[in-house]
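Accompanying notes for the structure given below.
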Amino acid sequence: MPEFDVIIVGGGPIGIACGLEAQKKGLSYVIIEKGPIVNSLFNYPINMQFFSSSEKLEIDGIPFISKEAKPKRNEALEYYRRIVTSNDLRIQLFETVEKVTKYEGLFQVMTSKTTYQSQNVVVATGFYDLPNLIQVPGEDLPKVSHYYKDPHFYASQKLAVIGASNSAVDAALECWRKGSEVTMIVREPEIGQRVKYWVRPDIINRINEGSIAAYFNSNVTEIKDTEIVIDTPDGALTIENDFVLALTGYMPNFEFLENMGITFSDDEKRLPTYDPETMETNVEGLYLAGVICGGMETHKWFIENSRVHAPIIVEAIKKKASENVKI
Ligand SMILES: Cc1cc2nc3c(=O)[nH]c(=O)nc-3n(C[C@H](O)[C@H](O)[C@H](O)COP(=O)(O)OP(=O)(O)OC[C@H]3O[C@@H](n4cnc5c(N)ncnc54)[C@H](O)[C@@H]3O)c2cc1C
């Protein structure tokens with residue numbers, strides 16, 4: 001059974017940063033990714049533009065050259081893919097980590113293909129895999145999706161967009177511009193304050209002029225084949241509908257982390273337990289990296305401010321290894 005100094009679960013930007021740092025510092029490592037390189041970014045909307053400028057998305061100081069200051073999804077795919085290939089990083093793709101256990105000081109990492117052993121494990125699995133469900137009848141209908149990809153699909157269709165965050169606003173505007181009849185259903189009294197400042201006026205103007213319909217302080221209570229039911233401040237309303245984009249955010253796979261022994265704050269934030277000096281969790285040798293560190297506060301960490309986790313973790317692993325040698 002192959003044994004490593006460190007196994008990195010997740011081949012997103014931060015998992016890749018951890019692999020690159022481990023390689024640079026001479027640790028034996030492998031990155032295990034259940035999809036393609038930077039799978040989450042691959043699943044982002046095809047026209048998505050990052051709110052960060054490209055230098056803020058760089059890892060290990062490797063220049064990220066993009067056409068505009070804020071790169072597009074495809075440019076980010078290219079950038080992270082080239083880091084993997086040009087550094088010949090050790091990454092297993094389309095292999096899912098199913099279970100991580102610890103026995104006599106060594107981690108057993110069981111995947112969909114095999115089992116590995118390692119002294120340390122870094123979990124950098126992000127939060128994009130599990131959507132926050134709205135828990136209403138009809139949410140499982142094929143016309144409903146929690147992931148937005150391409151506006152063309154919704155052209156000339158009656159589209160309901162649930163949510164008021166960046167993803168929902170981007171989807172509503174793009175689809176309206178491609179000829180969808182868009183209706184937004186927003187739980188709050190207004191469009192989110194965290195919506196990109198250069199986009200927020202656009203959506204507010206489209207709503208005020210009536211191009212995009214919007215129900216505030218409202219909730220979808222049922223989704224049917226050809227219509228949806230909305231609970232508005234003026235009472236229940238049924239409108240015709242072809243498709244629903246429920247862009248209500250995502251959450252980490254808490255069960256996966258709990259099964260490893262990681263503990264969490266017992267409030268709605270469900271913050272995982274880790275030492276910010278080393279990113280080590282309450283399980284010795286088990287580290288967290290990237291956006292997963294925010295628990296339900298998925299807006300707290302992003303590439304810009306979590307890429308530093310890589311050098312912190314590798315330094316901590318090396319320091320501990322040298323201390324163990326001295327004993
Ligand atoms: C629409 C959108 C726009 C954004 N814009 C920005 C921005 O402008 N600037 C910024 O800094 N951040 C931005 N972010 C946030 C940023 O993209 C993510 O936070 C980033 O992807 C985090 O990197 P990560 O490596 O921590 O997690 P991810 O990129 O989510 O990577 C986790 C990886 O782990 C893999 N994985 C999960 N479970 C397993 C398993 N069991 N076994 C194997 N592999 C597994 C996944 O397939 C995935 O590839 C944006 C996010 C979204 C959704």
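Starting from the Cα-Cα distance between residue 267 and residue 88, subtract it from 0.36 nm times their residue separation and give me the gain in nm to one decimal.
Length gained, residue 267 through residue 88: 60.2 nm.
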Inset, instruction - Between beta-carbons, use under 15 Å as the cut-off and find the net charge around residue 47, counting Lys and Arg +1, Asp and Glu -1. - result: +2
Legend entry - Lysine pairs within the stretch 133-246, Cα separation less than 17 Å, 8 or more sequence positions apart or different chains: 6
Legend entry - Average accessible surface area per residue within the stretch 133-246, 1.4 Å rolling probe, Å²: 51 Å²
Inset, instruction - Report the semi-axes of the equivalent ellipsoid for the chain in whole Å, largest first, where each axis is √(5λ) for an eigenvalue λ of the Cα gyration tensor. - result: 40, 21, 17
Legend entry - Cα shape, the stretch 17-61, gyration tensor, a/c 1.5 rule: oblate
Legend entry - Extension gain, residue 196 back to residue 258 (0.36 nm per residue minus Cα-Cα distance, nm): 18.9 nm
Inset, instruction - Excluding residues on the same chain fewer than 8 positions from residue 113, give the lysines whose Cα lies under 24 Å from its Cα. - result: 34, 99, 102
Legend entry - With Cα atoms, 0 to 90° folded angle of helix 309-326 axis to the chain main axis: 20 degrees
Inset, instruction - Please report, as a whole percent, how much of the solvent-accessible surface of the stretch 133-246 comes from carbon and sulfur atoms (probe radius 1.4 Å). - result: 49 percent
Legend entry - Bins of 10 Å, starting at 0 and running to the largest distance - Cα pair percent for the stretch 118-210: 14, 42, 29, 9, 5, 1
Inset, instruction - Positive end of the charge dipole of the stretch 133-246 (Lys, Arg +1 and Asp, Glu -1 on Cβ, about the Cα centre): tell me which of 197, 211, 151 has its Cα farthest that way. - result: 197
Inset, instruction - Under 18 Å Cα to Cα from residue 319, which lysines show up? Leave out anything in the same chain fewer than 8 places away. - result: 24, 25
Legend entry - GNM result for the chain, Cα springs below 10 Å: residue of 208, 47, 120 fluctuating most strongly: 208
Legend entry - Electrostatic dipole magnitude of the stretch 147-255 [Cβ: Lys, Arg +1; Asp, Glu -1; Cα centre; debye, to 20]: 420 debye
Inset, instruction - At 1.4 Å probe size, with every protein chain present, just tell me what the per residue accessible area of the stretch 247-301 comes to in Å². - result: 45 Å²
Legend entry - Selection from 236, 115, 74, by position along the positive dipole direction of the chain (Cβ): 74
Inset, instruction - Using only Cα atoms, find the angle between the long axis of helix 73-86 and the longest principal axis of the chain, and express it within 0 to 90 degrees, rounded to the nearest 10. - result: 10 degrees
Inset, instruction - Could you check which residue among 55, 268, 78 shows the biggest mean-square fluctuation in a GNM of the chain with a 10 Å Cα cutoff? - result: 268
Legend entry - Helix 13-24 axis, angle to the chain major axis (alpha carbon atoms, nearest 10°): 20 degrees
Legend entry - GNM result for the chain, Cα springs below 10 Å: residue of 245, 286, 133 fluctuating most strongly: 133
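The values are calculated or read from the model by the stated rules, or taken from the named source; none is laboratory data. It should be emphasised that the depicted structure is a prediction, and the values quoted were computed from it without experimental measurement. FYI the Cβ positions are ideal-geometry reconstructions off the backbone, even for glycines, and counts take in every protein chain you see. The accessibility values were calculated without ligands, DNA or RNA, using every heavy atom of the protein model including side chains. Shrake-Rupley method; radii C 1.70, N 1.55, O 1.52, S 1.80 Å.
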